[in-house]
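K.L.:
Next up is a structure, given as structure tokens.
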Amino acid sequence: MTTFISFIIKEARHILRDRRTLLILIGMPIVMMFLFGFAITTEVRNVRIVLVSSSIDNRTQKITNRLDASTYFNITAKTSNTDEAKTLLKGNKADMAIVFSPNFANHIYDGEARVQIIADCADPNMAIQQASYASQIILSELTSVGVANGGALIKLMYNPRMESAYNFVPGVMGMILMIICAMMTSISIVREKERGTMEILLVSPVRPILIIVAKMIPYLVLGIVDLIFILTISYFVLHVPIAGSLLSLSAVSVLFIIVALSLGLLISVLTETQVAAMLASGMMLLMPSILMSGMIYPIESMPVVLQFIAHLVPASWFISACRKIMIMGVSITMVWKEVCVMTIMAILLLTISLKKFKKRLE
Amino acid sequence: MILRYLIEKEFKQIRRNAFLPKMIIMFPIVIMLVIPWITNLEIKNISLLVVDNDRTTTSQRLVHEMEASNYFIFKGMSSSYDEAVKEMEKGNADIIAVIPQYYSRDLVNGNPTNVLIASNSVNGTKGAMGASYLSNIVVPSTGKLPISVLNLFNIYQDYKVFMIPALMAILLILFCGFMPALNIVGEKEVGTIEQINVTPVGKFSFIMAKIIPYWVIGLVVMTICFILSWAVYGITSAGPLAVIYLLAIIMALIMSSLGLIISNYSSTMQQAMLVMWFCMVCFILLSGLFTPVRSMPDWAQYLTEINPMHYFIDAMRIVFIRGGSLFEIMPQFMALMSFSAVMGTWAVVSYRKNN
Amino acid sequence: MTAIEINNVTKHFGKVCALDDVSLSIDQGELFGIIGPDGAGKTTLFRILATLLVPETGAASVDGFNTLTMMRDIRKRVGYMPGKFSLYQDLTVEENLKFFATLFDTTVEANYDSIRDIYSQIEPFKNRRAGALSGGMKQKLALSCALVHKPSVLFLDEPTTGVDPVSRKEFWLILQKLRDAGMTIIVSTPYLDEVRQCGRIAFLNKGKICGVGAPDEILNEFKDVFCPEPLSHSDEAKLSEDNDVIVVDGLCKTFGTFHAVDHISFRVHRGEIFGFLGANGAGKTTAMRMLTGLSQPSGGKATVGGYDVSTQYEQIKKHIGYMSQKFSLYEDLKVWENIRLFAGIYGMDDKEIASKTDSLLSRLGMSEHKNTIVKELPLGWKQKLAFSVSIFHKPDVVFLDEPTGGVDPSTRKEFWTLIYEAAAEGITVFVTTHYMDEAEYCDRISIMVDGQIKALGTPSQLKSQFGVNNMDSVFTMLARKAQRKSD
């Protein structure tokens, strides 16, 4: 037991002495939470509009004022012809153009008055939303003078500001735990191989399993510390509610941490150099954990083959379980499928890597 | 011409590496073939519930139009809004349309009337897109309307057109950022950098010899991407390719300088890699690559101004999608040029031969 | 009683045969030496005995336990010190020791007696990080760590490479004591004075045991490998004094309050071979880094080839060559590619490089290895090649930092032949070494102690000045006076 504890102390010292790495491991989740929580949003906001109108009359002026007054749009330029507006769109100096037919106010009741919205479809999703918002506003103005009637009243439920935090918090948790538990563990084991200290550890009577477990524990602690940071920020700063029980959330997280640690162990067993371990964990763990876990892109909209692969990514199960518990507030019994899959993954990975772990050098 | 020999050496080392050449070829191929399918935010198959309080031929016609749209899966009619919301909470519906009472009468009489669209926006994009699609069906059906929409640039609204230039940018910064950083820290760890430091190789030559190979690799990667996007997706650049290559070279210079700066300040590979990774994530998230910059809060928008990636993505999209030329991207171009000047100088200065 | 029994052990790595039908038997309480050139299979043998590798054929036993089946018993009773420093660089001396003690389920206190002799020397620095220790100290700490659990068998793989003569003597005194206490010790070493202290030695070459016996017998039998005729060398100070290539006057380097180099002054004449000796941590490397323009002096003045080291260091770099033991060539490049790179750096054109490369390789007898990757060359060849590359551009001065560490005696002799050839062409050679026989080969030598030069002159001058008959004694007398323990 003393051996085990001194092993853990030794690992903890390695981590604590490399201040720069420690700073990043602690600081990264915090910065990421802020970026994902605030900066990553697809809310329609500050859209730059070019007005194209040969004459300004009170009708177009009213429409313009309405657009400008909304938080969605800013009128940033006025021109008299469409080509000029298109040039502005092309250079990304504006996001949308609104063209009024000539003498708009005079023709408003004879059906000759027309409005054209020119949308920049480089980002198709944003373009569709912006055009739809703009036409709502124009329409409501026209309705008020009786030119048009009917339309749509849009109500975005549960998340009216379209904040991304709800979606991202479980994702960021999955990603951070993957980096710390899988990547850092594998690098730290491989480093001992590279520096030659593994040789001495092997020649000692300590059981290899002890070496490995002792390596994992400090990273497990670090992972839990980061988890606490993330949850604190998400609760107090981003105001993401933790609807379900904290206990079941912790239980699922610990299970995921174990899966991540076993993955890290597997990588360290299979690689010989730090660079290889880094690349392997970066490409085989991190990329899929970000892109294919449903963190940003919903798994349902992927092609079937990729959906299949996505189900092999442990993070996708964790994120799904997390969302259910955290955001939707269901009890742990409702996530039995995710828990089962992760348990099986952990057992499988641990068995393989312990089988493969070499007690000798070759 | 010391530089020539140094560059030759870098290439030989890359070629002799068991892993790098394979990665340079395979990584972009995998990224270009797989990621566009994953990062697709084309929203389809939205479950729709309709509450028809009007029950006239007009309202039925509207319901039929909704049914016909291939964005929606029509889940049927619901008797009341409250009931529909319950269904949504169970997860059986993503969006609800409520046609108000007297809808057709109000339309004919010219009284204001609105169809209510309630969309589950826990996933913000999905919710908002569904609402937009639905309102685009509802609004024209209300009769003759003086509003029309003209789509420019990506007229088929193909999401891949939007993502492909972004993926190229990501690949470029991954290759040009990480590889030189790991390379220099590697030389530090082995000790070979010491040997170079006692030779008359100047700082500038040394740094250039580390940067130029990754320029070339960056351009090779770009070319692979262009070929693939043309051959697999049929997507080609709308603007001149030369401008894109020019941008790529400048961006490669900025990123590899960043890599060198980081490696000059870090002592181990692990440090260099983590710092680099951290920078990359911030750069990408704050570049407008996934989400529009103007949707960000003001403080984040100020941050994007000091992010070279932001200017690069902007310029790439202007040229690749909107068909702009050098003239259109002048501001971004100038910004990138000044970034490269600052970063390049910093890289050379921070490399210490003598302490 | 037999402590170690090796029967017909064979081991291949890919196509390379590391051990070929090796049989050996070592008695308990023996101090047994294993000698042989680089790549002879010494490390493989140690690893098989330490249960780290499994032999393909044959069997080995340690203390009566089979290495294959009774791994855990062996691992409890052996101490092993691999060739590479195997300490945790970011842990302190004390933390390292404590960690290795608990690894074997014991404590430093319980076994303090068994390591006192060696650990007491480094105990004053117990709060320093292992990475900041000098080579000799690291080795002493590594030995302490290997001994802390009172092993009955000790494996030491080249424990004293890069360690100065005084520290080596102390190190071997400890080994003798351990042997007297009944420990079985198997050690490999390239130093002949150490070989002579062993009870028996085995000569391993290309995976085969060529001979086992008393040191003198074996050294005599393979005289041409181990005891080559010393190089003949005239002992006159060369050339006129007004033609000095290196002029150092009151040069200082301080790190905080620590004076690594403390006002040293000396001159090196053109075409001279200047030996720059000193114990580990005496300040040699720091001084050399200043002279090669890698490091700024804190005070004093020095010129190399007429250029000031603190201001004109970029000029100096054009006129010097440099080779260190730690690194000399790019391991992942081919032989000719390395030559081409360094020749190109010094501004030669392609044609000149091509013709000179061929003549250089044929002179070294390495023509058929032109396309070999440097990593695959034996250490001795690498060092010779590295030296040739460092003087390829005909520099005024070439700086050699422990160029022959870990190299066997006959290769070292060949190396020194190359040095003489270079000196004859007018290249000044500035060399550091821990081999005292090499010190005798120099025209003049200086000995640094505690950052200061305590002796300077030709080998014979120094010997008569201190009234002894070899350089080793001169060095020992001076280095023992050191106030600050190496760091």
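K.L.:
Could you tell me which of the residues A:Glu11, A:Glu43, A:Glu84 is within 30 Å of C:Val93 (Cβ to Cβ) and among the charged types (D, E, K, R)? Reasoning before the result, please.
P.N.:
Numbers: A:Glu43 fails: within 30 Å of C:Val93 (Cβ to Cβ); A:Glu84 fails: within 30 Å of C:Val93 (Cβ to Cβ).
The conditions single out A:Glu11.
K.L.:
Restricting to segment C:290-307, name every residue that is at negative phi and crowded, with 24+ Cβ neighbours inside 10 Å.
P.N.:
Residues satisfying the conditions are C:Met290, C:Leu291, C:Thr292, C:Val304.
K.L.:
Further question: Those residues that are more than 11 Å from B:Trp215 (Cβ to Cβ) and among the hydrophobic types (A, V, I, L, M, F, W, C), I need them from segment B:235-253; list them, please.
P.N.:
Within segment B:235-253, B:Ile235, B:Ala238, B:Leu241, B:Ala242, B:Val243, B:Ile244, B:Leu246, B:Leu247 qualify.
K.L.:
Within segment B:198-236, which residues are farther than 30 Å from C:Ile391 by Cα, in contact with a Lys or Arg (Cβ under 7 Å, 6 or more places away or on another chain) and part of a helix (DSSP H, G or I)?
P.N.:
Within segment B:198-236, the first condition is being farther than 30 Å from C:Ile391 by Cα, and the residues that meet it are B:214-236.
So of that shortlist, the ones also in contact with a Lys or Arg (Cβ under 7 Å, 6 or more places away or on another chain) come out as B:233, B:235.
B:Tyr233, the sole residue that qualifies.
K.L.:
Out of C:Lys76, C:Lys42, report the one residue that is of a type in the set (Lys, Arg), in the same structural domain as C:Leu173 (by TED's automatic domain parsing), modelled with pLDDT of 80 or more and in contact with a strand residue (DSSP E or B) (Cβ under 7 Å, 6 or more places away or on another chain).
P.N.:
C:Lys42
K.L.:
So, of the residues in segment B:289-317 that are among the hydroxyl-bearing types (Ser, Thr, Tyr) and assigned to a helix (DSSP H, G or I), which turns out to be nearest to B:Thr125 (Cα to Cα)?
P.N.:
Step one: of segment B:289-317, the residues among the hydroxyl-bearing types (Ser, Thr, Tyr) are B:291, B:295, B:302, B:304, B:311.
Add one more test, that the residue is assigned to a helix (DSSP H, G or I), and what stays is B:295, B:302, B:304, B:311.
Working: B:Ser295: 13, B:Tyr302: 24, B:Thr304: 22, B:Tyr311: 24 Å.
The qualifying residue nearest to B:Thr125 (Cα to Cα) is B:Ser295.
K.L.:
Further, regarding this structure: Of the residues C:His269, C:His319, which single one is buried (at least 19 other Cβ atoms within 10 Å of the Cβ), out of contact with any helix residue (DSSP H, G or I) (no Cβ under 7 Å at 6 or more places or on another chain) and either without any contact (Cβ under 8 Å) to a residue 40 or more places away in the chain or more than 8 Å from chain B (Cβ to nearest Cβ) (or both)?
P.N.:
C:His269 is the lone residue from the list that is buried (at least 19 other Cβ atoms within 10 Å of the Cβ), out of contact with any helix residue (DSSP H, G or I) (no Cβ under 7 Å at 6 or more places or on another chain) and either without any contact (Cβ under 8 Å) to a residue 40 or more places away in the chain or more than 8 Å from chain B (Cβ to nearest Cβ) (or both).
K.L.:
Let me ask another. Just to check your reading of the model, which residue among A:Val203, A:Val269 is assigned by TED's automatic domain parsing to the domain that holds A:Ile180, surrounded by 23 or more Cβ atoms within 10 Å (Cβ to Cβ), modelled with pLDDT under 85 and of a type outside the set (D, E, K, R)?
P.N.:
A:Val203
K.L.:
Next question, about the same structure. For segment C:137-148, indicate whether the set of residues that are away from chain A (no Cβ under 14 Å), in contact (Cβ under 8 Å) with a residue 60 or more places away in the chain and either closer than 25 Å to C:Gly405 by Cβ or buried (at least 18 other Cβ atoms within 10 Å of the Cβ) (or both) is non-empty.
P.N.:
yes
K.L.:
May I pose another question? Can you tell me which residues in segment A:313-341 are more than 19 Å from the chain's Cα centre (by Cα) and in a helix (DSSP H, G or I)?
P.N.:
A:Ile332, A:Thr333, A:Met334, A:Val335, A:Trp336, A:Lys337, A:Glu338, A:Val339, A:Cys340, A:Val341, listed by residue number.
K.L.:
Filter segment A:298-312 down to the residues that are assigned to a helix (DSSP H, G or I) and either away from chain B (no Cβ under 13 Å) or modelled with pLDDT of 80 or more (or both) and list them by number. If you could, list the steps in order and put the result at the bottom.
P.N.:
Narrowing segment A:298-312 to residues assigned to a helix (DSSP H, G or I): A:299-301, A:304-312.
Passing the criteria: A:Val304, A:Val305, A:Leu306, A:Gln307, A:Phe308, A:Ile309, A:Ala310, A:His311, A:Leu312.
K.L.:
Within segment B:39-57, restricting attention to residues that are of a type in the set (Val, Ile, Thr) and modelled with pLDDT under 80, which residue is farthest from A:Met302 (Cα to Cα)?
P.N.:
The selected residue is B:Ile43.
K.L.:
What are the residue pairs meeting all of these: first residue in segment C:345-370, first residue more than 20 Å from C:Pro395 (Cα to Cα), second residue among the basic types (Lys, Arg), Cβ atoms under 8 Å, and 6 or more apart or on different chains?
P.N.:
Matching pairs, first to second residue: C:Lys370/C:Lys334.
K.L.:
Let me ask you something else. Name the pairs: first residue in segment A:114-143 and closer than 17 Å to B:Ile43 by Cα, second residue surrounded by fewer than 23 Cβ atoms within 10 Å (Cβ to Cβ) and of a type in the set (Ser, Thr, Tyr), Cβ to Cβ under 6 Å, at least 6 apart or on different chains?
P.N.:
That search, which allows pairs on different chains as well, returns A:Pro124/B:Tyr159.
K.L.:
Just wondering, is there one or more residues in segment A:279-297 that are more than 26 Å from B:Val275 (Cβ to Cβ) and facing chain B (nearest Cβ under 9 Å)?
P.N.:
Start the filter on segment A:279-297 by keeping residues that are more than 26 Å from B:Val275 (Cβ to Cβ), which leaves A:294, A:297.
Checking which are facing chain B (nearest Cβ under 9 Å) leaves us with A:297.
Scanning segment A:279-297, I find at least one residue that is more than 26 Å from B:Val275 (Cβ to Cβ) and facing chain B (nearest Cβ under 9 Å), so the answer is yes.
K.L.:
Also, I was wondering about something else. Being crowded, with 22+ Cβ neighbours inside 10 Å and either under 28 Å from C:Asp249 (Cβ atoms) or of a type outside the set (Phe, Trp, Tyr) (or both) is true for just one of C:Ser355, C:Ser328, C:Ser310. Which residue is that? Talk me through it step by step, then tell me what you get.
P.N.:
On the way: C:Ser355 fails: crowded, with 22+ Cβ neighbours inside 10 Å; C:Ser310 fails: crowded, with 22+ Cβ neighbours inside 10 Å.
C:Ser328 is the lone residue from the list that is crowded, with 22+ Cβ neighbours inside 10 Å and either under 28 Å from C:Asp249 (Cβ atoms) or of a type outside the set (Phe, Trp, Tyr) (or both).
K.L.:
A follow-up question, please. Which is away from every other protein chain (no Cβ under 13 Å), surrounded by fewer than 18 Cβ atoms within 10 Å (Cβ to Cβ) and under 28 Å from A:Val330 (Cα atoms), of B:Asn70, B:Asn92?
P.N.:
Testing whether each residue is away from every other protein chain (no Cβ under 13 Å), surrounded by fewer than 18 Cβ atoms within 10 Å (Cβ to Cβ) and under 28 Å from A:Val330 (Cα atoms) leaves just B:Asn92.
K.L.:
Next question. Which of the following residues is more than 20 Å from C:Thr184 (Cβ to Cβ), among the acidic types (Asp, Glu) and surrounded by fewer than 19 Cβ atoms within 10 Å (Cβ to Cβ): C:Glu95, C:Glu109?
P.N.:
None of the others qualify; the one that does is C:Glu109.
K.L.:
(1) buried (at least 21 other Cβ atoms within 10 Å of the Cβ); (2) within 24 Å of B:Ile321 (Cβ to Cβ): which one isn't true of A:Thr87, the others all being true?
P.N.:
Unmet condition: (1).
Yes/no per residue for (1) touching a Pro at 6+ places or on another chain (Cβ under 9 Å); (2) among the charged types (D, E, K, R); (3) closer than 28 Å to B:Asp314 by Cβ:
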{"site": "A:Ile5", "(1), (2), (3)": "no, no, no"}
{"site": "A:Arg19", "(1), (2), (3)": "no, yes, no"}
{"site": "A:Met32", "(1), (2), (3)": "no, no, yes"}
{"site": "A:Arg48", "(1), (2), (3)": "no, yes, yes"}
{"site": "A:Arg59", "(1), (2), (3)": "no, yes, no"}
{"site": "A:Lys90", "(1), (2), (3)": "no, yes, yes"}
{"site": "A:Met96", "(1), (2), (3)": "no, no, yes"}
{"site": "A:Phe100", "(1), (2), (3)": "no, no, no"}
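K.L.:
Quick check, is B:Ser256 facing chain A (nearest Cβ under 7 Å) and hydroxyl-bearing (Ser, Thr, Tyr)? Even if it seems obvious, please write down each step before you answer.
P.N.:
On the way: facing chain A (nearest Cβ under 7 Å): no; hydroxyl-bearing (Ser, Thr, Tyr): yes.
Here the answer is no, as B:Ser256 does not meet what is asked.
K.L.:
Would you call A:Ala280 in a helix (DSSP H, G or I), modelled with pLDDT of 85 or more and assigned by TED's automatic domain parsing to the domain that holds A:Ile332?
P.N.:
On the way: in a helix (DSSP H, G or I): yes; modelled with pLDDT of 85 or more: no; assigned by TED's automatic domain parsing to the domain that holds A:Ile332: yes.
In short, no.
K.L.:
Then there is this: Going by the structure shown, is C:Ala386 of a type outside the set (Phe, Trp, Tyr) and not assigned by TED's automatic domain parsing to the domain that holds C:Thr411?
P.N.:
So C:Ala386 fits the description; yes.
K.L.:
Still on this model: Please identify the pairs in which a residue from segment A:261-278 that is free of Cβ contacts under 8 Å to residues at least 24 places away in the same chain has its Cβ atom under 8 Å from the Cβ atom of a residue that is of a type outside the set (S, T, N, Q), counting only partners at least 6 apart or on another chain.
P.N.:
A:Val275/B:Leu182; A:Val275/B:Gly186; A:Val275/B:Met269
Per-residue answers, yes or no, for (1) more than 9 Å from every other protein chain (Cβ to nearest Cβ); (2) in a loop (DSSP other than H, G, I, E, B); (3) not hydroxyl-bearing (Ser, Thr, Tyr):
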{"position": "B:Phe278", "(1), (2), (3)": "no, no, yes"}
{"position": "B:Ser287", "(1), (2), (3)": "yes, yes, no"}
{"position": "B:Val319", "(1), (2), (3)": "yes, no, yes"}
{"position": "B:Pro331", "(1), (2), (3)": "no, no, yes"}
{"position": "B:Ser340", "(1), (2), (3)": "yes, no, no"}
{"position": "B:Arg352", "(1), (2), (3)": "yes, yes, yes"}
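K.L.:
Continuing with this model, one more query. Would you point out which residue out of A:Leu51, A:Leu16 is more than 10 Å from chain B (Cβ to nearest Cβ), buried (at least 18 other Cβ atoms within 10 Å of the Cβ) and more than 24 Å from B:Pro297 (Cβ to Cβ)? Break it down into steps so the answer makes sense when it comes.
P.N.:
Values: A:Leu16 fails: buried (at least 18 other Cβ atoms within 10 Å of the Cβ).
Testing whether each residue is more than 10 Å from chain B (Cβ to nearest Cβ), buried (at least 18 other Cβ atoms within 10 Å of the Cβ) and more than 24 Å from B:Pro297 (Cβ to Cβ) leaves just A:Leu51.
K.L.:
Run A:Met33 past the list (1) facing chain B (nearest Cβ under 10 Å); (2) surrounded by 16 or more Cβ atoms within 10 Å (Cβ to Cβ); (3) under 21 Å from A:Val169 (Cα atoms) and report the number of the one that doesn't hold.
P.N.:
Only one criterion in (1) facing chain B (nearest Cβ under 10 Å); (2) surrounded by 16 or more Cβ atoms within 10 Å (Cβ to Cβ); (3) under 21 Å from A:Val169 (Cα atoms) is unmet by A:Met33, namely (1).
The values are calculated or read from the model by the stated rules, or taken from the named source; none is laboratory data. No experiment lies behind these values; they were computed from the predicted model shown. Quick reminder, even Gly has a Cβ in these numbers, built from the backbone with ideal geometry, and neighbours come from all protein chains shown.
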